[in-house]
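Here's the structure we're looking at; comments come further down.
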Amino acid sequence: MASKYETVIGLEVHVQLTTDTKIFCGCSKVFGQEPNTQTCPVCLGLPGALPVLNEKVVEFAIKTGLATNCAIAPRSIFARKNYFYPDLPKGYQISQFELPICEHGWLDILTENEAEKRIGITRIHMEEDAGKLVHGETQESSRTSFVDLNRACTPLLESVSEPDMRSADEAIAYLKKLHQIVVYLGVCDGNLEEGSFRCDANVSIRPWGQKELGTRAELKNINSFRFIKQAIEYEIERQADLLDSGSQVVQETRLFDSQTGTSRSMRSKEEAHDYRYFPDPDLVPLVIDKAWIAEIREGLPELPEAKRLRFESEMGLSAYDAEILAADQALAAFFEACVPLTGDAKLCANWVMGEISRQLNEGNIAITDAPVSPTRLAGLLNRIKDNTISGKIAKNVFEKMWQSGQEADAIIEAEGLKQVTDSSAIEALIEEVIAANPGQAAEYRAGKEKLMGFFVGQVMKASKGKANPGMVNQILKDKLSG
């Protein structure tokens, strides 16, 4: 059983940067273009072509390092990582090894039992991406592979964690937090399907109490939180079965098949010395001025954790509401724009997390494209607060606002939806309902108080949903108790 063993997980995350051009040349890096149309002598690795470092990549690396509590190196070195594969045109990848730009960081996560745990970050370094191999896309080319070098030289940050995670859930918590941060910073679009944020997981197990690490397997390039969790859990079980049967775990790189939920061996796992790292002679050492680091630090946005804490302390939101809203930068901005217009953070949070999010999910649209703006939502919520309409009618008005783009007041006026708050009018409706249901009235007075819901429903039906629910409840209690 896997429970006989302690799991040890370290993650290597590749973050594709949102720069306009590649890391060492001026080529565009727009996703999905025709193969080999976004290339030049530099990213093709042609003889005599020299790399020139993109300053924006350095800025993004510093931002990410500061946001993950790393120390920014005043001097860092680019190195050549040597290996031979068809999608690597130079025969080496420009990366960083001994002197990376960011080191010794950390992120705090919540474990399964809601305890806080600190996950160390060994390093974050800059590097270029390789190209892409396309295998047998048509029946005619089923036995042929093609090389698309559009992605070659695309700027990446690789974040390498310490082996501090002890379960798949902890690994996912760490990944989601890192994902939130890089999206908040604007350094990555976070698109897992397009490979903008992808993960290699190093997984090993060891008997409880053993200090030495077990033999690890690397699960390569998984681009879904759900699949990463499945892959890690499968790997834990696979290694446990091997040890229980008296076999040994082999150090290797494995590919996870999301359709079968299993992994298969890809190749033996290389060590650092296998790559024969050495400083790239075409790139001078990168020296970073302290004033630039301070300037970048000053310009950092409020990060998810700080926003969550502020939503709780200053706006009185629950930990759950604050967590949901702070997790999405655009959703949080929408919410914050709505609050001052209503003076009611909880009401705004309920509607943003409820009706707004539902419509966005159903329509698969971004909140920036929502037909109901924060100002218009606030206009609707204010009509609930001043008792012009009930919460139930407000949902119908919201649907019409979403479809038509109209203001709440215009819809309420045009359709005669104003709430009835005239106590005499409500009292008259209640008397009619009680007179029409003498048996239920007698049962209620005999102690069957659950019938209050029946009477409220009948009165609301008679008023076509316009009667003020609070007044209905109060007057009904008075009448039925009399």
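Odds and ends about this structure:
- Euclidean distance of C-alpha centroids, the range 194-230 and the range 327-348, integer Å: 37
- Sorting the segments 113-121, 309-317 by their mean number of nearby beta carbons within 10 angstrom, highest to lowest, gives 309-317, 113-121.
- Distant-in-sequence amide contacts of Arg151, defined by a placed amide H-H separation under 5 Å and a gap of 5 or more residues or a different chain, comprise Lys132.
- Ranked by the mean number of other Cβ atoms within 10 Å of their residues, highest first, the peptides 144-153, 174-183, 48-57 come out as 174-183, 144-153, 48-57.
- Cross-linked pairs Lys177/Lys229; Lys346/Lys385; Lys346/Lys392; Lys418/Lys450; Lys229/Lys307: Cα-Cα separations exceed 19 Å for Lys418/Lys450; Lys229/Lys307.
- In a simple Cβ point-charge model (Lys, Arg +1; Asp, Glu -1; nothing else charged), the chain has a dipole of about 620 debye relative to its Cα centre.
- Ranked by the mean number of other Cβ atoms within 10 Å per residue, highest first, peptides 240-253, 13-26 order as 13-26, 240-253.
- Between the C-alpha center of the range 401-448 and that of the range 62-90 there is a gap of 66 Å.
- Over the chain: helical MRE at 222 nm, DSSP H runs n ≥ 4 each giving -39500 (n - 2.57), nearest 500: -12000 deg cm²/dmol
- The range 291-299 - phi-based ³J(HN,Hα) in whole Hz, Karplus 6.51/-1.76/1.60, Gly and Pro as x: 5, 5, 4, 4, 5, 5, 4, 4, x
- Reducing the range 96-134 and the range 1-40 to their Cα centroids gives an inter-centroid distance of 13 Å.
- Under the Karplus curve 6.51 cos²θ - 1.76 cosθ + 1.60, θ = phi - 60°, whole-Hz ³J(HN,Hα) for the range 38-49, x wherever Gly or Pro sits: 10, 9, 8, x, 5, 6, 8, x, 6, x, x, 7
- Proximal lysines relative to Lys90, as straight alpha-carbon distance under 29 Å, when same-chain residues fewer than 8 apart are discounted: Lys22, Lys29, Lys56, Lys81, Lys132, Lys220, Lys269
- For Lys4, the lysines whose Cα comes closer than 16 Å to its Cα, not counting residues fewer than 8 places off in the same chain, are Lys211.
- Phi angles across the range 280-287 convert, under the Karplus curve 6.51 cos²θ - 1.76 cosθ + 1.60 with θ = phi - 60°, into 3J(HN,Hα) values of 6, x, 8, 10, 6, x, 8, 10 Hz, Gly and Pro given as x.
Read-outs: derived from the displayed coordinates by stated rules, not from any lab. As the structure is a computational prediction, the values presented were derived from the model and not from experiment. Cβ sites come from the backbone with ideal geometry, for glycine too, and all protein chains shown count toward neighbours.
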